[in-house]
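The values are calculated or read from the model by the stated rules, or taken from the named source; none is laboratory data. Quick caveat, the model's predicted, so the values are computed rather than measured. So basically every Cβ, Gly included, is an ideal-geometry build from the backbone, and we count neighbours across all protein chains shown.
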Amino acid sequence: MDRLDYIHWIEQIIGKNGDDEKILLFGVSMGGATVEMLSGEKLPAQVKAIIADCGYASIREELVYLLHNQYHLPEYPIEPLVSTINKQRLGYYLNDVSSTEQLKKNRRPILFIHGGKDTYVPVKMAYENYESTKAPKQLWIVKNASHAESFWYNPANYKRRVSEFLGTYF
């Protein structure tokens, strides 16, 4: 639901700085998933591009992955229980939170960045997210980087890739 807060922040920025403002959405890890999910909302024209670094495909898929791979626990009964508690407390099931579904509605250029050795958000999710959007898109898998470490693995190359993307779309 954080994506909806971003819409209000974007409106405040435009209100304060004017209609000529150019906005880039950039997030890493959960922030990456947040901007991916925000991409499917009705965004003002001032939002020009998106960069999502290590975003997950869906919160449910991420939870199930972590249950299996990090904690060696079964999906059932944990995922349905967590999803039901989430619905009662926050108003939505885990299946309702999907980057891939939101990215299907995206119309902004987007750069996906993901560590090739990410064991927290598996790299396959970057491919799922990439395939979901029909907008102009780029995918950069940083071969030896782990979760949220693509910048730190090679800062110069990261800056170059981001600059090239921004030079094209921003």
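In this structure, is L111 within 13 Å of the chain's Cα centre (by Cα), aliphatic (A, V, I, L, M) and modelled with pLDDT of 95 or more? Yes; evaluated as a whole, the condition is true for this residue. Of the residues G32, G27, G40, which single one is touching a Cys at 6+ places or on another chain (Cβ under 7 Å), surrounded by 12 or more Cβ atoms within 10 Å (Cβ to Cβ) and either in the same structural domain as Y120 (by TED's automatic domain parsing) or in a helix (DSSP H, G or I) (or both)? After ruling out the rest, the residue left standing is G32. Taking the stated definitions as given, is R108 assigned to a loop (DSSP other than H, G, I, E, B), basic (K, R) and surrounded by 15 or more Cβ atoms within 10 Å (Cβ to Cβ)? Considered against the rule, which asks whether it is assigned to a loop (DSSP other than H, G, I, E, B), basic (K, R) and surrounded by 15 or more Cβ atoms within 10 Å (Cβ to Cβ), R108 comes out as yes.
Here is the figure for region 136-170: residues that are part of a helix (DSSP H, G or I) and not hydroxyl-bearing (S, T, Y) total 13. The residue of region 11-24 that is surrounded by the most Cβ atoms within 10 Å (Cβ to Cβ), among those that are part of a helix (DSSP H, G or I) and among the charged types (D, E, K, R), is E11.
One line per residue, one yes/no per condition, for (1) farther than 22 Å from E61 by Cα; (2) in contact (Cβ under 8 Å) with a residue 24 or more places away in the chain:
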| position | (1), (2) |
| --- | --- |
| Y127 | no, no |
| A135 | yes, yes |
| E149 | no, yes |
| N154 | yes, no |
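H8 satisfies every condition listed in (1) more than 15 Å from the chain's Cα centre (by Cα); (2) in the same structural domain as A126 (by TED's automatic domain parsing); (3) in a helix (DSSP H, G or I) except (2).
Cβ-Cβ distances below 6 Å connect the following pairs, each with a first residue in region 68-85 that is within 17 Å of S58 (Cβ to Cβ) and outside the structural domain of T119 (by TED's automatic domain parsing), a second residue that is modelled with pLDDT of 95 or more and assigned to a loop (DSSP other than H, G, I, E, B), and a separation of six or more residues or different chains: S83/Y93.
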